[in-house]
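Remarks on the structure that follows.
The values are calculated or read from the model by the stated rules, or taken from the named source; none is laboratory data. Source: prediction; values computed, not measured. Because the Cβ atoms are built from the backbone with ideal geometry, glycine has one as well, and the counts that use them run over all protein chains shown. In case anyone asks, the SASA skips ligands and DNA or RNA and just uses the protein heavy atoms, side chains included. Shrake-Rupley method; radii C 1.70, N 1.55, O 1.52, S 1.80 Å.
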Amino acid sequence: MEDVDDVRELVEQRMRATGFEESILDRVMDLLDRFDTDREKLFEEMLDKLETPGYDGLRDRWATNCEQAKALLERLEEDLTSILEDSQANAMSADERMAAVGPRDFLAGERKIWEQVARLDVPDAATLMSKVLETDLAIIKQAEEDLKQARSSDQIVEAILVKNFATITDKAKALLGKYVQLPTGVARLFVLFMKDPATKAAATEAIQAFEKLAGENFEAAKQKRAAKETVLKNINLLTSAREQLDEEWIDKLFARGAEAAASWRGVGQTGDYKATDWEWVKENVLDRGLDTRAEAAKEQSRKLYDELYPTFIEESTKAFAQLTDDPATLEKFTDELKSTFESLEDLLDNEADYAAELADGDYKQTAKAMVDLATVTIRAGWTMLFEKTKAADDEVKR
């Protein structure tokens with residue numbers, strides 16, 4: 001690599017100027033060639049591991065290679081000193097020879113750089129980005145399943161409510177129709193009450209049916225509330241985790257790793273050592289590792305916060321904001337039911353007025369009691385329906 005090529009050239013110049021045997025020079029050049037190969041292998045191992053998706057063993061690989069690099073530099077210095085010591089061409093000591101011709105700046109600069117690399121800022125940043133990606137993917141999977149389940153539950157609840165609203169409305173209208181359409185020979189409704197036990201019991205039976213259906217609606221509301229809780233849980237999770245999962249955080253992690261890689265060359269650059277290869281290492285750290293990891297994490301983060309998060313917010317404010325998905329459905333049901341019950345009350349009020357005009361006696365008392373019972377039953381039924389429907393709506397909204 002370029003840095004070691006510069007060392008070869010520098011050491012050769014110094015050795016020829018100082019005076020060494022050609023065989024000693026050849027041995028030194030061979031030593032530098034082997035060092036160059038081993039050093040480049042360390043670079044490739046680190047970059048390959050950084051390029052590999054995931055983070056299992058990434059930090060350990062870099063830590064191990066940093067230790068190997070330090071050992072490689074120690075061995076280079078020791079072996080170079082030993083080879084120079086074998087020369088008989090001058091009277092200098094081994095240390096003096098090393099000081100005269102050795103790559104002093106290179107060795108010092110490399111050691112400083114590897115100390116910085118050994119802080120593991122780059123693999124740590126890469127690991128955190130991969131963990132963001134891993135977390136995003138897991139949340140996306142669970143959130144999509146939760147959303148699918150919530151929507152399915154909502155569809156079931158909506159079908160129950162629509163069916164029950166229609167049944168309640170039909171039964172109320174049928175009761176009104178039964179009271180309005182008197183059979184031939186029956187002049188007044190209270191007369192039909194006294195004559196036909198089934199008609200007298202019709203209001204009670206209708207209200208009992210209403211109570212059953214209203215109970216089903218409340219249970220459906222509880223089911224919808226449970227589905228809504230799932231939606232809200234996902235909203236809360238995504239809101240609270242945003243600072244550690246969104247693109248801004250990923251950019252910060254990338255910047256942390258990129259800044260560390262960009263600092264290496266400057267840390268070691270000194271004297272005749274230019275640390276050129278570390279510019280190449282930095283570019284490869286960015287291109288082969290950090291860029292790819294950052295983009296993969298940001299892609300899933302965008303899916304999480306640009307797609308799923310808004311969907312959950314929309315579901316919570318629309319489909320799960322009230323008892324029915326369409327507020328007009330509940331409003332129509334309430335209006336129709338209210339109108340029907342008002343008509344029933346008007347009819348019964350008229351019957352009560354007419355019964356009051358009857359001659360005093362047992363007949364009048366019986367007629368009045370039957371009209372009063374029907375009126376009380378109808379009013380109680382309306383109150384029950386109104387309260388239970390409101391309770392069901394409140395259950396979803398709470």
Practice task
Kindly indicate whether any position in the range 253-261 is open to solvent by 70 Å² or more (accessible area, probe 1.4 Å), within 30 Å of GLY102 (Cβ to Cβ), modelled with pLDDT of 95 or more and more than 27 Å from the chain's Cα centre (by Cα).
Solution key: no
Problem - Output for the range 11-27, where each listed residue is open to solvent by 40 Å² or more (accessible area, probe 1.4 Å) and touching a residue at least 24 places away in the same chain (Cβ under 8 Å) - result: ARG14, THR18, GLU21, ARG27
Exercise for the section: May I ask you to verify whether ASP30 is within 36 Å of the chain's Cα centre (by Cα) and open to solvent by 70 Å² or more (accessible area, probe 1.4 Å)? Expected result: no
Problem - Qualifying residue in the range 239-250 (condition: open to solvent by 70 Å² or more (accessible area, probe 1.4 Å) and modelled with pLDDT of 95 or more) - result: no
Practice task
Just one of (1) free of Cβ contacts under 8 Å to residues at least 40 places away in the same chain; (2) surrounded by 16 or more Cβ atoms within 10 Å (Cβ to Cβ); (3) closer than 21 Å to SER153 by Cα trips up LEU330, so point out which.
Solution key: (1)
Completion exercise
Taking the range 86-110 and keeping residues closer than 30 Å to SER263 by Cα and free of Cβ contacts under 8 Å to residues at least 24 places away in the same chain leaves MET98, ALA99
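Residue-by-condition table, conditions (1) within 30 Å of ALA227 (Cβ to Cβ); (2) of a type in the set (D, E, K, R):
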| position | (1), (2) |
| --- | --- |
| PHE320 | yes, no |
| ASP335 | yes, yes |
| GLU342 | no, yes |
| LEU347 | no, no |
| MET370 | no, no |
| ASP393 | yes, yes |
Problem - Check on GLU351, in a helix (DSSP H, G or I) and either of a type in the set (Ser, Thr, Tyr) or surrounded by 13 or more Cβ atoms within 10 Å (Cβ to Cβ) (or both) - result: yes
Handout entry: Among residues of the range 170-206, those that are hydroxyl-bearing (Ser, Thr, Tyr), surrounded by fewer than 18 Cβ atoms within 10 Å (Cβ to Cβ) and part of a helix (DSSP H, G or I), counted
Key = 1
Practice task
Give ALA369, ALA356 a once-over and let me know the one that is touching a residue at least 12 places away in the same chain (Cβ under 8 Å) and either over 30 Å from ASP325 (Cα atoms) or surrounded by fewer than 17 Cβ atoms within 10 Å (Cβ to Cβ) (or both).
Solution key: ALA356
Practice task
Check ALA150 against each of (1) open to solvent by 10 Å² or more (accessible area, probe 1.4 Å); (2) at pLDDT below 95; (3) part of a helix (DSSP H, G or I) and name the one condition it does not meet.
Solution key: (1)
Exercise for the section: Please go through the range 287-304 and pick out each residue that is surrounded by 18 or more Cβ atoms within 10 Å (Cβ to Cβ) and in contact (Cβ under 8 Å) with a residue 60 or more places away in the chain. Expected result: GLY289, LEU290, ARG293, ALA294, ALA296, ALA297, GLN300, SER301, LEU304
Handout entry: Condition check for GLU144: closer than 30 Å to LEU304 by Cα, open to solvent by less than 40 Å² (accessible area, probe 1.4 Å) and among the acidic types (Asp, Glu)
Key = no
Problem - Filter result for GLY102 (in contact with a helix residue (DSSP H, G or I) (Cβ under 9 Å, 6 or more places away or on another chain) and open to solvent by less than 50 Å² (accessible area, probe 1.4 Å)) - result: yes
